[in-house]
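Written below as structure tokens is the structure these notes are about.
Computed from the coordinates by the stated procedures, all read-outs in this text should not be read as laboratory data. Being a predicted model, the structure only gives us computed values, none of them experimental. Positions of Cβ are backbone-derived with ideal geometry, glycine not excepted, and every protein chain shown enters the neighbour counts.
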Amino acid sequence: MKLTELKKGQKAIIKKIDANPELKQRLFSLGVVKGAEVEVVDCSLGKSTIEIKVGNSLIALRENEANLIEVE
Amino acid sequence: MQEENFKRGRGLGRGLGKGLRVGPRDGRGRENREKREAGLKPIKVVLAGQPNVGKSMLVNALSKTHKGKVGNYSGVTVDILEVCFTHHCHKIELIDLPGTYSLDAFSQEEKVAKEFLENEDYDVIVNVVDATNLQRNLLLTLELLELNKKMILALNMADEAREDGIEIDTKQLEKILGIPVVLISAKNNEGIEELLNKIHEMAESPTRPHSKIIYSDAVEEEIEKIEKFLDERGFKYKDWTNREVAIALLFKNEKVYKELHDNPIMIELYPLIQESLEHIYTHHETKDIKEIKAAEHAAIARGIVLEVVRSKEMPKSLTLTQKIDAILLNKYLGIPIFLFFMWALFQLTFKFGNIPMEYIDSAISAFGDFVGSYIKNDDLRSLVVDGIIGGVGAVLLFLPNIVILYLGIALLETTGYMSRVAFLLDGFFHKFGLHGKSFIPLVTGFGCSVPAYMAARTLKSKKDRLITLFIIGFMSCGARLPIYVLFTGAFFSQAAAGNILFLIYLSGALIGLIMAKLLRVLVFKGEDDPFVMEMPKYRLPSLKLIWHTVYSNAREYLKKAGTFILAAAILVWFASNYPKSEELHQEFIKQSQNISSKEQKIELENQYNQKQLEQSYLGQIGKATEPFFAPLGFDWKLSVALEAGLAAKEVVVSTLGVLYNIGESDESSDTLKEILRKNISFATAVSFIVFVMLYLPCFAASAVFTKEAGGVKYLVYLVIFTTSVAWIFSFIAYRIAQYFT
């Protein structure tokens, strides 16, 4: 399941990140890694941007990027 | 310096203040000389950390000066900042690196930080981390440890951690990491003395503590193999242990490979490393060593936090942040709330700013009259009163407005709301081919284009950055505010002026967005930059920091008024007064002898002054460019004012002051507003406002733009781009306004 499929308030574990190396690196450095727990905190109008919580960090992602993250 | 001084909180500031010397880059030559004279070598300390961990705050606490702006979004300190001060008779040189999430050179700032850490010469790294978000911050710490330099971990925001019920076992953390750990709160000056002492100890110690990090079994096995191989051959690289070399080799540290490239031992090493890597690849089910490193680090950080941190389920500050976000990021309310904040800011700027303005205005003209009465020489009096006091005074008038505007922007920055706005607007911005993060440089552009151009560095992709750079000028900077205040005040009612001002800023921003879309579609085609951004926790703005930001900006503005604008005012005065036509003067004297009534005399004098002005240097320039501006309704005076504005936008007002004040000679001196109202039509005023809104930023900003965009050719594009946009929109505005009046 993709991260974008999660509803507001839902939690999941990251399974796979299918991004280009640069983006992957950025996600890693923010704590978005395989095995980490994510929670969708908020999304903007039309779900174009979503806010997730990983550990104690709040991170904003665009739909395109969130689609690259697989969770379960 | 006395030891006791440091024990007391406030004594620290006093004690440090004495020996304090602040010197960004240029202070280095002096620093070195003093070092030689005193026979002391300064301790060079590098502050490294992720964004929003309070690094700049720590710089303030350590040096007690307010160098370096502190903000609550990633990447406020774009340049490397240096501060020097004395502690225990030792000079300490502090280098504040831009905040970086990792050392992987994702953005330009990270490149700056990485290159500095790897290649520059320094004594100690102080890794500042947010104690309330240790796990993620440790990811950078682990990367820093692999640099194998002397390092101290400063757990900042100890006060917040306590409030959140987070307890950190620093002793245990020291054991795991192998480096000293200090719990501090830069905000409350807590633990600062201990940190300084640790820095001393570390700098003076002949040996470097070695990282005690343990990787996963699979990786450890391979590290041991390579370490053993190196030991057997008596290999030595710098002050590194062979374990450290082995880790660097396994994680493909480019710098180490480069330096060992010609070492014969590599012939034997290569197959060994290859074999080890294959093992690691199989274990991790990927061949991407960076991903493997990230996974290893993430696991280590998780392990460390489990071991040393005791906390409640959910930190209080984070819960609060999420509660506030629920309102401010609300799907439907978020954007209206944001627009309301912006609208309120402009209302405040205008309404409150106007109160002291009147006092300043009358004080300046009284001062001018007072000074003028002491100067006998006509030319000199004209220079001092009309040129200098008139020109600079016109600019000083707007200080209150500027202060309020900067106050607003500083509040946005320090509370963490700025990142929320980026989140809210990204969807919208994206449609215009911009990045949500472009919002930060664009809003900064409302203050001043110079830092705005620099803030655009936070954008990773060159295309995003260039588009943003090109439209920053459309966000009216603080220096254009005086022009707007003057014109809206002159041509609109007092009640409407605030709204008109808001409208001006808004339409500038809208035109900017449309232009961004055009640029994206026509010029900068291609893939979008990913949008991944941290949303920092909401923090109450520190008064100290707000004060500092506002104060330093106001000082900067005054400094500009005292130097650049003063020079420009004198230049404009000179160009508008010379050459003096003797012919006109003779004619004037002849004519004035035949006139007795006072009114006629004034009339004649005005005509004379007007004629003199027309044939002056300034008049000649204005006349030459008049045809270009004529379709927009500008006469040569307005043309000249716009051209003078290329030096600095504030000069537009002072030029108008010089150009129009010349006509008045009686005691009831009209204010510039009234003179403008008499001389300029409404349509022309609208057209002028639009032109000012859109044309080329000032000289200083253009210089920074050229540097940030990466070449003079971009400046040429910018000149053509902004001038044509300004001209076209002014033309349209002029015609529309004419139609309605």
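Tabulated values for the structure
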quantity: Convex hull per residue volume in Å³, alpha carbons only, for chain B; calculated: 205
quantity: Using a Förster distance of 30 Å, the FRET efficiency for residue A:18-residue B:716 (Cβ separation, nearest 0.05); calculated: 0.10
quantity: Three semi-axes of the equivalent ellipsoid, segment A:3-71, Cα gyration tensor, whole Å, largest first; calculated: 17, 13, 11
quantity: Proximal aspartates and glutamates to residue B:149, defined as alpha-carbon separation beneath 15 angstrom and excluding residues fewer than eight positions away on the same chain; calculated: B:115, B:118, B:120, B:121, B:123, B:201, B:204, B:239, B:244
quantity: Rough spin-label spacing in nm, given labels placed 7 Å along Cα→Cβ, for residue B:431 and residue B:574; calculated: 5.3
quantity: Helical contribution to [θ] at 222 nm, DSSP H n ≥ 4, -39,500 (n - 2.57), averaged over chain B, rounded to 500; calculated: -20500 deg cm²/dmol
quantity: Residues A:41, B:653, sorted so that the one with the fewest Cβ neighbours within 10 Å comes first; calculated: A:41, B:653
quantity: Cα-based convex hull, segment B:259-307, per residue volume (Å³, whole number); calculated: 111
quantity: For residue A:55, distant residues with modelled amide H under 5 Å away; calculated: A:37
quantity: In range of the label at residue B:601: residues from segment B:380-406 whose backbone nitrogen is under 20 Å from the point 7 Å along Cα→Cβ; calculated: B:382
quantity: Ranking of B:555, A:26 by count of other Cβ atoms within 10 Å, fewest first; calculated: B:555, A:26
quantity: FRET efficiency, residue A:10 to residue B:310 (Cβ-Cβ, R0 25 Å, nearest 0.05); calculated: 0.35
quantity: Estimated translational D of the protein assembly as shown in µm²/s (Stokes, Kirkwood radius over Cα pairs; 37 °C; 0.692 mPa s); calculated: 111
quantity: Per-residue [θ]222 nm for chain A (sum of -39500 (n - 2.57) over DSSP H runs n ≥ 4, rounded to 500); calculated: -4500 deg cm²/dmol
quantity: Rg/Rg_ref, segment B:147-234, where Rg_ref = 2.2 N^0.38 Å and atoms are Cα; calculated: 1.41
quantity: Rg/Rh (Cα only; Kirkwood hydrodynamic radius) as it applies to segment B:318-371; calculated: 1.42
quantity: Folded to 0 to 90 degrees: helix B:617-629 orientation relative to chain B principal axis, Cα; calculated: 80
quantity: Under the Karplus curve 6.51 cos²θ - 1.76 cosθ + 1.60, θ = phi - 60°, whole-Hz ³J(HN,Hα) for segment B:358-374, x wherever Gly or Pro sits; calculated: 4, 5, 4, 4, 5, 5, 5, 5, 5, 4, x, 5, 4, 5, x, 5, 9
quantity: 16 Å reach of a label modelled at residue B:332, 7 Å along Cα-to-Cβ, counting backbone N of segment A:34-57; calculated: A:43-47
quantity: Integer Hz, Karplus 6.51/-1.76/1.60 couplings in order for segment B:718-732, x for Gly and Pro; calculated: 4, 4, 5, 4, 5, 5, 5, 4, 4, 5, 4, 5, 5, 4, 4
quantity: Ratio Rg/Rh, restricted to segment B:217-310 and using Cα atoms, in which Rh is the Kirkwood radius; calculated: 1.01
quantity: Cut-off under 5 Å, modelled amide H: who pairs with residue B:191 long-range; calculated: B:185
quantity: Neighbour-count order for B:454, B:693, A:1, B:475, fewest beta carbons within 10 angstrom listed first; calculated: A:1, B:454, B:475, B:693
quantity: Distance from segment B:103-164 to segment B:389-432 (C-alpha centre basis), Å; calculated: 30
quantity: Estimated FRET transfer efficiency (residue B:517, residue B:362; beta-carbon r; R0 41 Å; 0.05); calculated: 0.30
quantity: Cubic angstrom per residue, convex hull over Cα atoms of segment B:103-189; calculated: 108
quantity: Two-site label geometry, residue B:510 and residue B:739: point separation in nm, points 7 Å out along Cα→Cβ; calculated: 1.6
quantity: Whole-Hz ³J(HN,Hα) from phi, Karplus 6.51 cos²θ - 1.76 cosθ + 1.60, for segment B:473-482, glycine and proline x; calculated: x, 6, 7, 4, 7, x, 5, 7, 3, x
